[in-house]
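The values are calculated or read from the model by the stated rules, or taken from the named source; none is laboratory data. Everything quoted here is computed from the prediction, not taken from an experiment. Note: ideal-geometry Cβ built from the backbone for every residue, glycine included; neighbour counts use all protein chains shown. The accessibility values were calculated without ligands, DNA or RNA, using every heavy atom of the protein model including side chains. Shrake-Rupley method; radii C 1.70, N 1.55, O 1.52, S 1.80 Å.
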Amino acid sequence: MRNGELRCGICGSSRLSPVAQLRTVEGQNDRLRLKFPRPRAFTLRPTFNVDAARACLDCGAVLPFLGEDALNDLNESADGLTGYDA
């Protein structure tokens with residue numbers, strides 16, 4: 001694999017579509033959101049919009065990802081985030 005080559009996280013294929021806008025069928029402004037639990041009572045849940053995706057041309061998996069602004073916001077708040085118990 002060449003340095004920086006993207007691969008599908010499901011099948012490992014390097015055949016991915018170009019970046020596409022990711023929206024729901026409900027409307028142009030409806031987006032997927034990555035939401036974390038509230039860090040403290042009376043605070044908002046950290047939420048990051050997932051605006052883009054690629055599709056694997058071999059297995060059909062859709063690989064969503066954050067845009068640049070949301071990724072920067074996530075990195076700034078990453079130390080204070082907690083996850084849900086699975």
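In the chain, the C-alpha radius of gyration followed by the widest Cα-Cα span (Dmax) gives 15.4, 47 angstrom.
Under a 5 Å amide H cut-off, with hydrogens placed 1.01 Å from N, VAL50 pairs with LEU32, ARG33, LEU34 among residues at least 5 apart or on other chains.
Taking all protein chains together and rolling a 1.4 Å probe, THR24 ends up with roughly 50 Å² accessible. Using the Karplus relation 6.51 cos²θ - 1.76 cosθ + 1.60 with θ = phi - 60°, the per-residue 3J(HN,Hα) values for the range 38-47 come to 4, x, 8, 4, 6, 10, 6, 5, x, 9 Hz, with x marking Gly and Pro. Taking the range 47-86 and a reference point 7 angstrom along Cα→Cβ of GLU5, the backbone N atoms nearer than 20 Å belong to 54-61, 63. Relative to the longest principal axis of the Cα atoms of the chain, the long axis of helix 68-77 lies at roughly 40 degrees.
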